[in-house]
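First the structure, in the form of structure tokens, and then the observations on it.
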Amino acid sequence: MITIIIAILVLGFLIFVHEFGHFITAKASGMRVEEFSIGMGPHVWEATKGDTLYSLRAFPFGGYVRVTGEAYTDDEESETIGEVLEADDPRRYPNRPIWQRFVFCLAGSGMNYLTALLLFTLTICSLGLVDQEAVLDNQVSIVSSGGAAEEAGIKEGDRIVKVGEAAVNTWDEMTKALAEQADGDAMEVTIERDGERLTVNLTPQYDESRQGYLLGVSKTYPRRDVGLGEGLSLGFQQTVDVSKTLLEAVGKLVSGEVSVTDDEEGLTGPVGIVMIIDEFAQEGFWYLVSLTAMLSLNLAVFNLLPIPGLDGSKILFLLIEAIRGRKVAPEKENIINLIGFAFIMGLVLFVTYNDILRLFE
């Protein structure tokens, strides 16, 4: 139950951020906002202020900002608005300059990008960065399950002071001594625990990927503090890197290189997202914050795809309008968007079904 609540809060926050981007640009450019809704389906809560209906709906997957004239032909009006605006009223979406409509369509994903940047920056500044240049002492941070060290009784917090015949004071000295002496046979390792020295016999295990023998222990690098300036720079770089990865994944899906149902690189529906949120939440608060940033970028990239019904499709129609010098007929655009919406709903149902199947694998 807690997982579901966390998932609703995370997704609701990201949807709010996205729709708020549309909302503030619509208001700033003089468009009339008929409804600002978080969620889909029947109303759970609603309130009217000025010309705008603010609402929460039953299903927390999705949301929208309805602007007069955006989704209706000239002779149609939304039922949520009492006053019918004239066809040439400047508050109607089609009557705003094309650049304002372009900014309106782009603002949702723009807010998601900004949110990801801020969350990445906040995480980096709060946790600091791993100091790869630090000189590591010889204290064990992690004992691998099933490794030689665990079988020999070595514990976290022990200090490795001697490997074979070589005395060691740092982690680098320990790994170097191990590389020079380990040959697959049993060897002595001396540790220090609670001020006492103990000598254990163990047989290092050969690791193919590292091409060497391992004791089955590892060291956690210390972290250094990060200032706001460096944090913003690193947060921006992380935002760019994750965006590139997402675009590459989209390219693989479009080209058919990766299947939609692929376990590693395929699409994930609401059920799968809840499972991922649960995994990250168990790791800790900052893991969840980092995941929220990545989900924000996913939402931004997905909405910019030129799929009918999404912001990317609206931007494409605006580009066509700019090139042709006249608007695409509202009736045609509405039909195309309706088809796109049906496609998206079908895709969501399909990936959700696939997520459920994975639960029983």
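Values in this text are rule-based calculations from the coordinates and carry no lab data. None of the values given here were measured: they were computed from a predicted structure. Don't worry about glycine lacking a Cβ; one is built from the backbone with ideal geometry, like all the others, and counts go over all protein chains shown.
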Mean-square fluctuation check for the chain, GNM, Cα pairs under 10 Å: which of 277, 124, 98 is largest? 98
Just to confirm the filter: which GluC sites (Glu not before Pro) across segment 264-318 are DSSP coil and have at most 15 other Cβ within 10 angstrom of their Cβ? 264, 265
What is the ratio of the Cα radius of gyration of the chain to 2.2 N^0.38 Å, with N the residue count, to two decimals? 1.36
Straight distance only, please: which lysines reach the Cα of residue 244 with their own Cα at less than 27 Å, same-chain residues fewer than 8 apart left out? 252, 314
In order through segment 284-297: 3J(HN,Hα) via Karplus (6.51 cos²θ - 1.76 cosθ + 1.60), integer Hz, x for Gly, Pro: x, 4, 6, 5, 5, 4, 5, 4, 4, 4, 5, 5, 4, 5
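For residue 210 and residue 51 in the same chain, what is the full-extension length gain: residue separation times 0.36 nm, less their Cα-Cα distance, in nm? List each step's numbers first, then the result.
Numbers: separation 159, 0.36 × 159 = 57.24 nm, distance 6.52 nm.
Length gained between residue 210 and residue 51: 50.7 nm.
State the antiparallel share, in %, of DSSP beta bridges confined to segment 1-127, rounding to the nearest 5. Mind dumping the intermediate values first?
Numbers: 12 of 16 bridges.
That works out to approximately 75 percent antiparallel.
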If you take the C-alpha gyration tensor of segment 142-220, multiply each eigenvalue by 5 and take the square root, what semi-axes do you get, largest first, in whole Å? 18, 14, 12
If amide H atoms are built 1.01 Å from N in the plane of the peptide, which residues on other chains or at least 5 residues away come under 5 Å of the amide H of residue 35? 53, 66
Near the amide H of residue 212, under 5 Å away, which other amide H atoms are found, from residues 5 or more places off or on another chain, if H is placed in the peptide plane? 207
Output wanted: per-residue J couplings in Hz (rounded whole) for segment 299-305, from phi through Karplus 6.51 cos²θ - 1.76 cosθ + 1.60, θ = phi - 60°, x for Gly and Pro. 5, 5, 5, 4, 5, 8, 5
When Lys and Arg each count +1 and Asp and Glu each count -1, what net charge do the other residues less than 14 Å away from residue 216, Cβ to Cβ, add up to? -2
Given the options 133, 196, 19, state which has the largest fluctuation in a GNM of the chain using a 10 Å cut-off (strictly under) for Cα springs. 196
What residue among 247, 106, 232 shows peak mean-square fluctuation when the chain is described by a Gaussian network model with Cα springs under 10 Å? 247
